[in-house]
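Comments concern the structure below.
The values are calculated or read from the model by the stated rules, or taken from the named source; none is laboratory data. Predicted model, so just to flag it, every value in this text is computed and none were measured. Cβ placement follows ideal geometry from the backbone for every residue including glycine, while neighbour counts extend to all protein chains displayed.
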Amino acid sequence: MNDADFKVRLLLAAWLRVTMPENRVNTILLRMCWKNWTTYSPFQKKMSYNVRYTKAAKEDLQRLYIFLLNHDQKMARRAREAIAKGMDFLSDFPFACRKAKLDNPFLREMLISFGASGYVVLYEIEDKKTVTILAIRHQLEEDYH
């Protein structure tokens, strides 16, 4: 499978999981996404990307966590869990999120819902195995630090 086929199948799988019931998704994925669908197993290992963090992204996470920790410890823990779930999604479906710039399809932003607003994660898809988190900010902040 070439890179273009891989990206199309990855986007299709992400879209189907969001828009349809799971039993219908599995049927469609069997028919459309895999060439030899008769050998598909629900326990088949899925493609997973390694998620790396730049130093700036680690500092952003620490800054956001400390800010919430000073206000409400439970909220800080829930925010950390929400961001962790977002990173899990990102490791499975990095092409499912919006493009940050139209001229670079590998530079993307992911929105993570949390309360009335949430967080925005800027990341880059490096290759077939690696996603690098460049920055993280709260949606109410003006821009990435």
Item to check | Selection count, segment 93-145, where residues are touching a Ser or Thr at 6+ places or on another chain (Cβ under 6 Å), over 25 Å from F67 (Cα atoms) and either outside any loop (DSSP other than H, G, I, E, B) or aliphatic (A, V, I, L, M) (or both) | outcome: 1
Checklist entry - Can you tell me which of A84, A116, A100 is at pLDDT below 90, of a type in the set (A, V, I, L, M) and either under 24 Å from E141 (Cα atoms) or touching a Leu at 6+ places or on another chain (Cβ under 7 Å) (or both)? => result A116
Checklist entry - Since R77 meets every condition but one in (1) loosely packed, with under 11 Cβ neighbours inside 10 Å; (2) modelled with pLDDT of 90 or more, which condition does it not meet? => result (1)
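Conditions tested, residue by residue: (1) aliphatic (A, V, I, L, M); (2) touching a helix residue (DSSP H, G or I) at 6+ places or on another chain (Cβ under 8 Å).
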| position | (1), (2) |
| --- | --- |
| R77 | no, no |
| F95 | no, yes |
| A100 | yes, no |
| F106 | no, no |
| L111 | yes, no |
| G118 | no, yes |
| V131 | yes, yes |
| L134 | yes, yes |
